[in-house]
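Bear in mind these aren't lab numbers, they're just calculated from the coordinates by the rules spelled out. The model shown is predicted, which means the values in this text are computed figures rather than measured ones. Neighbour counts are summed over all protein chains in view; Cβ atoms, including those assigned to glycine, are modelled from backbone coordinates with ideal geometry.
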Amino acid sequence: MTAPEGKHVFGTVKVGTKGQIVIPKEAREIFDIKPGDSLLMLGDEKQGIALVKQEIFVQFANDILNAKNLDEGE
C-alpha cells in the first residue's frame with residue numbers, strides 16, 4: 001500500500017531521559033529542518049502532537065490576519 005502523495009511515515013523515534021527525540025534524517029531533508037531551526041510544537045489531546053517550522057506558522061498567521069484586514073476594508 002502506497003501512502004497518499006505528500007504523506008509520510010518516517011518510522012518510530014525514542015524519547016530520551018531528558019524528553020528529547022531525534023527527527024529522522026529523511027524528515028529533516030524533506031522539510032528542510034537544519035540545526036538551529038525553531039519548531040513550534042502543537043498538541044491535541046485526542047490526535048497527538050505536530051511540529052511546524054516557526055517561520056511557516058508565523059507566515060500562516062500573518063496571512064490570516066491580512067485576509068481578515070482585507071475583508072474588513074482596512
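Some observations on this one:
- A dipole drawn for the chain from +1 and -1 charges on Cβ atoms has a positive end, and of Phe31, Gly19, Ile49 the residue lying farthest that way is Gly19.
- Rounded to the nearest 20 debye, the dipole magnitude of the chain is 600 debye, with +1 charges on Lys and Arg beta carbons, -1 on Asp and Glu beta carbons, and the Cα centre as origin.
- DSSP-loop trypsin sites (Lys or Arg not before Pro) across region 1-40, with at most 14 other Cβ within 10 angstrom: Lys7, Lys14, Lys18
- Close amide H contacts of Leu39 (hydrogens built in the peptide plane, cut-off under 5 Å, sequence separation of 5 or more or a different chain): Gln54.
- This structure gives mean projected area of the Cα convex hull in nm², computed directly, and of (1) 6.0; (2) 4.3; (3) 8.1 that value is listed as (3).
- Sparse-neighbourhood loop sites, chymotrypsin sites (Phe, Trp or Tyr not before Pro) in the chain - DSSP loop, at most 16 other Cβ within 10 angstrom: Phe10, Phe31
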